[in-house]
């Protein structure tokens, strides 16, 4: 059982952890910052979990008094730590990864339509879903970004993206070249689940580049017999 000094250290670590977490939440939600910094704040939540583990170990007598509580707390902490390690170090290599290449680029005002073709296996997805993308080009930021799939052709695996130039990363996409390698992770999202399962008419309300997932759903509807 920890002594009073150790307990107080654990208490202070817990207090600092809460303050640190609040700061990260404020930076993530309430302050407008560049995407790469915003994304980095999410990665620091792994440090919050680590500090939480240290806090619990130092004030162990609170958890040790209730064995079931200890199992529950440590179980979730182990799961959380594994999730952080997986996303940071294992997901880029062992996640649902596909290799595509740029086949065609079209520029319409500040929007870019990028057509991708698979280099090996094709990605299977539902309309309205999105993917995480990394463009392999030395003139483009290497950070991974999420983008909605506008539409695809199932026969050859072609995927088209609609991207608006809004931030530092998207403005560099004008430097893309045909043949550039593209890494995709996904697909993700259940935006179109009700549309696909109910077989009822839908009214799509969207504006600007936000219409991208609707384009995939519209294309799917038009291609149905």
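Numerical summary
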item	result
Contour excess over end-to-end distance, with Cα ends at residue 50 and residue 156 and 0.36 nm allotted per residue	33.6 nm
Degrees between helix 4-29 axis and first principal axis of the chain (Cα, 0 to 90, nearest 10)	20 degrees
In degrees, nearest ten, helix 67-85 long axis to first principal axis of the chain (Cα)	40 degrees
Ascending count of other beta-carbon atoms within 10 Å, so fewest first, for 54, 112	54, 112
Structure-derived volume of the Cα convex hull per residue in Å³: which label, when the choices are [x] 129; [y] 172; [z] 145	[y]
Nitroxide proxy distance, nm - points 7 Å out along Cα→Cβ at residue 88 and residue 136	2.6 nm
Neighbour-count order for 195, 204, fewest beta carbons within 10 angstrom listed first	204, 195
The stretch 4-94 shape via C-alpha gyration tensor axes, a/c threshold 1.5	oblate
Centroid-to-centroid separation of the stretch 95-115 and the stretch 133-172 [C-alpha atoms, Å]	5 Å
Exposure proxy order (Cβ contacts within 10 Å, fewest to most) of 113, 193	193, 113
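FYI, it's all coordinate maths here, none of it is from the lab. Just so it is clear, the structure is predicted and the values come from calculations on it, not from any experiment. A quick note on method: Cβ atoms are made from the backbone with ideal geometry, for glycine too, and the neighbour counts reach across all protein chains shown.
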